[in-house]
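First comes the structure, then the notes that go with it.
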Amino acid sequence: MKAIVIGGGIGGLTTAIALEKSGIDVEVYERASRLTAVGAGLTLWANAINVFKALDMSDALLKLGCFEGRGVIRTAKGDILTAARINGKQGTSAIESIIVHRADLHELLLNQFHGNVHLGSEFKRCTQSASGITAHFADGTSVECDVLIAADGIHSAVRQQIITQAKPIYAGYTAYRAVVPFDHARVGDVWGESWGHGSRFGLAPLSDNRVYWFATQNTPDGQRHTSNEDTKAHLQEIFADWHHPIKQVIEETRASDILHHDIYEISPLDTWIHGRVVLLGDAAHAMTPNLGQGACQAIEDAYTLAYCLAATTDIDSALQTYQTLRMPRANAILRQSHQIGVVGQLENMLLCGVRNQVFRYLPDGIRDRSLNAVVNYSLEKVLEGALPALQSNGSASEK
């Protein structure tokens, strides 16, 4: 079996690593001509960390960052609405989670994958026949394979060919992000999100006394400031009277380091498969970042798909099993993340007051059950349950 992965991001590279470790021939094709250190902070919850443990990568991963403390939602004034214990170490009662720089994780994945990553390879189209798939690229080259995996993001060129009606939808708010050197002692225990009226601000610790921060604001899509300095000044105005240390964090961030992107998602799809083409990650279920599960769900996809393909010689059965196992969960989290965004971005003062009271008096048990269903998910048990059916459809390859 030969697989090719379109897209060299986190989902694509994790898929390539998982396939490689399963003994499957795999190559990655990435549109960018070079891979640069882009992005900001990224939360990996227990469900993603467990995948990296299964891939024997957890030791290297944990060196990239760790967090121990409280994940808190506050008001703009700093009053606590709800809080959960977070810990990057196993064997505690807290929820396992680490926060890393996206560029650091990307570099780790590149180092772990030993196959070919073809840069400057812009996917244009694919054709299928009884003998396999041919992927065609903008430079006139083509490659044949048995399965084509689309991990090319929310604006997936592969998805645009096989599911033409699936279009990104603006979520109603824009986001700003940055990483800034900032002594963690100056932040204290004020990690997490703060909610205002149509705006939110988040603080998360990174290694080497860096802070990852993000901000959201309700606004029409496509609006941009004339310069980086104007963007920073805009944020300073919005969050001028929010609690410490938000004002200070923005002030100490270089204007050129602030990233600005509108938030998009896609509606849940009915299928991720077209013949032997299969969608993965944001190409399949792009979601808003409100649960911190976008990358985590792509990582779950990656391991599940590799497991299914390695468990049987019947590729069609493997792809169908992958979709059956992953689609309900990913789409449910997509919907849940959307709803949290709706609540977090409320503007009406009366509704915001009601929202804050609900969160303030929400029993810990209800909050923890909802969160645990997302992050403490036993993917290994799900895959073990699917293995007999996969093997009955074809001889299992050695895992």
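Of all residues in segment 365-394, count the ones that are among the charged types (D, E, K, R) and either in contact (Cβ under 8 Å) with a residue 60 or more places away in the chain or under 20 Å from T216 (Cα atoms) (or both). Here the count works out to 3.
The residue of segment 227-275 that is surrounded by the most Cβ atoms within 10 Å (Cβ to Cβ), among those that are without any contact (Cβ under 8 Å) to a residue 60 or more places away in the chain and closer than 28 Å to Q161 by Cα, is W272.
Here A171 passes the criteria (1) closer than 30 Å to N218 by Cβ; (2) out of contact with any helix residue (DSSP H, G or I) (no Cβ under 9 Å at 6 or more places or on another chain); (3) assigned to a strand (DSSP E or B) except the one numbered (2). When R335 is tested against the conditions (1) in contact with a strand residue (DSSP E or B) (Cβ under 9 Å, 6 or more places away or on another chain); (2) over 30 Å from G132 (Cβ atoms), the lone failure is (1).
Residues that are within 20 Å of the chain's Cα centre (by Cα) and at pLDDT below 85: which helices (runs of 4 or more DSSP H) entirely in segment 323-399 hold 2 or more of them? Talk me through it step by step, then tell me what you get.
Values: elements: 349-360, 364-375, 379-392.
So the answer is 364-375.
Would you be able to say whether some residue in segment 68-79 is of a type outside the set (K, R), farther than 30 Å from G196 by Cα, surrounded by fewer than 17 Cβ atoms within 10 Å (Cβ to Cβ) and at pLDDT below 95? Full working, then the answer.
So the first thing to find is which residues in segment 68-79 are of a type outside the set (K, R), and the list is 68-69, 71-73, 75-76, 78-79.
Now drop any that are not farther than 30 Å from G196 by Cα, which leaves none.
No, because not a single residue in segment 68-79 is of a type outside the set (K, R), farther than 30 Å from G196 by Cα, surrounded by fewer than 17 Cβ atoms within 10 Å (Cβ to Cβ) and at pLDDT below 95.
If you go through segment 213-259 and pick out every residue that is within 23 Å of T75 (Cα to Cα) and assigned to a strand (DSSP E or B), you end up with 6. Among the residues making up segment 2-44, those that are more than 24 Å from G140 (Cα to Cα), buried (at least 18 other Cβ atoms within 10 Å of the Cβ), of a type outside the set (K, R) and more than 21 Å from the chain's Cα centre (by Cα) are E20, S22, I24.
Residues that are under 21 Å from the mean Cα position of the chain (by Cα) and among the charged types (D, E, K, R) within segment 145-181 comprise D152, R159, K167, R177, listed in sequence order. With a requirement of 3 or more residues that are farther than 20 Å from V100 by Cβ, the helices (runs of 4 or more DSSP H) lying completely within segment 1-68 that satisfy it span 10-21.
How many residues are among the charged types (D, E, K, R) and either surrounded by 24 or more Cβ atoms within 10 Å (Cβ to Cβ) or modelled with pLDDT under 95 (or both) if we restrict to segment 276-295?
Residues of segment 276-295 among the charged types (D, E, K, R): 276, 282.
Still in the running and either surrounded by 24 or more Cβ atoms within 10 Å (Cβ to Cβ) or modelled with pLDDT under 95 (or both): 282.
Result for segment 276-295: 1.
Yes/no per residue for (1) touching a helix residue (DSSP H, G or I) at 6+ places or on another chain (Cβ under 6 Å); (2) closer than 24 Å to A175 by Cβ; (3) not aliphatic (A, V, I, L, M):
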residue: I10; (1), (2), (3): yes, yes, no
residue: T14; (1), (2), (3): yes, yes, yes
residue: E20; (1), (2), (3): no, no, yes
residue: D25; (1), (2), (3): no, no, yes
residue: A32; (1), (2), (3): no, yes, no
residue: I49; (1), (2), (3): no, no, no
residue: G65; (1), (2), (3): no, yes, yes
residue: R70; (1), (2), (3): no, yes, yes
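Could you list, in sequence order, the residues of segment 296-317 that are part of a helix (DSSP H, G or I), surrounded by fewer than 24 Cβ atoms within 10 Å (Cβ to Cβ) and either acidic (D, E) or in contact with a strand residue (DSSP E or B) (Cβ under 9 Å, 6 or more places away or on another chain) (or both)?
Initially, segment 296-317 is screened for residues part of a helix (DSSP H, G or I), giving 296-311, 315-317.
Now restrict to residues that are surrounded by fewer than 24 Cβ atoms within 10 Å (Cβ to Cβ): 310, 315-317.
Selection gives I315, D316.
Would you confirm, using the coordinates I've provided, whether A318 is closer than 23 Å to I24 by Cα and of a type in the set (G, A, S)? Please lay out each step first, then the result.
Details: closer than 23 Å to I24 by Cα: yes; of a type in the set (G, A, S): yes.
Answer is yes for this residue.
Quick check: anything in segment 171-185 out of contact with any Asp or Glu (no Cβ under 8 Å at 6 or more places or on another chain) and polar (S, T, N, Q)? The answer is no; no qualifying residue exists.
Residues that are crowded, with 17+ Cβ neighbours inside 10 Å and in contact with a His (Cβ under 7 Å, 6 or more places away or on another chain) were ranked within segment 112-165; the one that is modelled with the highest pLDDT is C126.
The values are calculated or read from the model by the stated rules, or taken from the named source; none is laboratory data. Every value quoted in this text rests on a predicted model; they were computed, and no experiment measured them. Don't worry about glycine lacking a Cβ; one is built from the backbone with ideal geometry, like all the others, and counts go over all protein chains shown.
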